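Colleague: Below is a structure I'd like to ask you about.
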Amino acid sequence: MKKFTVDRIEGELAVLECENGSFVNMELGSLPKNIREGDIIRFDSNSCFLSAEETDRRRQKMQKLMDRLFTDE
């Protein structure tokens, strides 16, 4: 199973970042509906799905990092 992060959406294309750091473009129509930048998408042999739990964990981790970076001390 492969995992990608939605880097950005450009018109009808989603730019996905692979685990190895490379990028691929995919048509939005071939991906789960309502994806947004930062979402984690997993692909298996014949389907793809949004990994909501992993996306939430990643967003929380990034928020904690940003909070530590931008706190006034």
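The values are calculated or read from the model by the stated rules, or taken from the named source; none is laboratory data. Here the structure is a predicted model, which is why all the values come from computation and not from measurement. All Cβ positions, glycine included, derive from the backbone under ideal geometry; neighbour counts span all protein chains shown. Areas reflect the complete protein model, heavy atoms only, side chains present, ligands, DNA and RNA absent. Shrake-Rupley method; radii C 1.70, N 1.55, O 1.52, S 1.80 Å.
Colleague: Cβ-Cβ below 9 Å, separation at least six or inter-chain, first residue in segment 27-41 and closer than 11 Å to GLU17 by Cβ and in contact (Cβ under 8 Å) with a residue 12 or more places away in the chain, second open to solvent by 80 Å² or more (accessible area, probe 1.4 Å) and acidic (Asp, Glu): which pairs?
Modeller: Going by the 9 Å Cβ cut-off, the qualifying pairs are ILE40/GLU53.
Colleague: Across segment 1-35, which residue is farthest from ARG59 (Cα to Cα) among those that are among the hydroxyl-bearing types (Ser, Thr, Tyr) and not in a strand (DSSP E or B)?
Modeller: SER30
Colleague: Go through segment 43-58 and give me each residue that's of a type outside the set (Phe, Trp, Tyr), open to solvent by less than 60 Å² (accessible area, probe 1.4 Å) and not in a loop (DSSP other than H, G, I, E, B).
Modeller: CYS48, ALA52, GLU54, THR55
Colleague: If we keep just the residues of segment 1-12 that are hydrophobic (A, V, I, L, M, F, W, C) and under 12 Å from GLU37 (Cα atoms), which is least open to solvent (accessible area, probe 1.4 Å)?
Modeller: VAL6
Colleague: Oh, and also: Of the numbered conditions (1) in contact with a strand residue (DSSP E or B) (Cβ under 8 Å, 6 or more places away or on another chain); (2) without any contact (Cβ under 8 Å) to a residue 40 or more places away in the chain, SER22 satisfies every one except a single condition; which is it?
Modeller: Failed condition: (1).
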